[in-house]
Structure formats: structure tokens, C-alpha cells
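A short reminder: the numbers here are calculations on the coordinates, not readings from a lab. Note that the structure is a prediction, hence the values are computed from the model and not measured. Positions of Cβ are generated from backbone atoms using ideal geometry, with glycine treated the same way; all protein chains shown enter the neighbour counts.
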């Protein structure tokens, strides 16, 4: 969805608009193609998807990822008043909130099924010490 928004915003830009907006350095490398980078220009990398195989660790990471995405969408909403950008971003933000709630439910269920005195120290399913 984000790529579609970027495409819609950039597909008809003139060279003058590209230069004036500061989009020129991106344009030199990627024309108006979608190349996933952070706002700071750091390219996307699959290393950001982490899995440890420990339910507590992995669900906590999932919770953090949903909150980070929500914060990004909040920041985008602060920067634009274009309804064609805001409406899909608000949808994505709502989706992150629901995902956060579901991961939170899964974490609570997982904790209830474990020895709650030990879940921060180790996974009792693997460690019997």
C-alpha cells in the first residue's frame, strides 16, 4: 500500500518538481520506481525479520514491530493533509493496532501456559534447569 501511495504521488512529476521537492537524489538512482528505504535512506533488509524460536521473545518482538509501524504511520499523518494519503495510512495504522492487540493476547495465553515464574529468564519448554 505504501508503494502504491508513493507511486501515485510521484508518477506525474516533472523534472522541475522532482528537483524542487528534493526527490532528485532518489530519482537519479531509482527514477520514480519503488525502492524500499527508511525515511533516513537506509535500504530495507530482511535482517529486520527476527525469530529466536522462543515464544516469549518472538511475540515481544512482534509487539514491538507493530508499535514501531504504528508510530511511523502516526508521523506520516502529522506530515500530510492529503486525504488520498491519509485515508490508507489511517487504515494501516488501525491494522497495526489490531495486530498489536492479537499479539498481546497470544503473549498472555503463552504466559498462562508456562511456568509464569520463569518466562522472562528462559523457556521452560526447552530448559529444565
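A few points about this structure:
- Inside the stretch 40-56, residues that are touching a residue at least 40 places away in the same chain (Cβ under 8 Å) and closer than 19 Å to residue 99 by Cβ make up a count of 2.
- Flag if residue 92 is farther than 29 Å from residue 113 by Cα and surrounded by 15 or more Cβ atoms within 10 Å (Cβ to Cβ): yes
- Selected residue [over 26 Å from residue 8 (Cβ atoms) and in a helix (DSSP H, G or I)] from 103, 91: 103
- Failed item in (1) under 29 Å from residue 109 (Cβ atoms); (2) surrounded by 13 or more Cβ atoms within 10 Å (Cβ to Cβ); (3) in contact with a helix residue (DSSP H, G or I) (Cβ under 8 Å, 6 or more places away or on another chain), with residue 72 passing the rest: (3)
- Residues (under 15 Å from residue 82 (Cβ atoms) and either in a helix (DSSP H, G or I) or touching a helix residue (DSSP H, G or I) at 6+ places or on another chain (Cβ under 9 Å) (or both)) located in the stretch 1-16: 1, 2, 4, 5, 6, 7, 8, 9, 10, 13
- Check on residue 67, over 30 Å from residue 106 (Cα atoms) and touching a residue at least 12 places away in the same chain (Cβ under 8 Å): no
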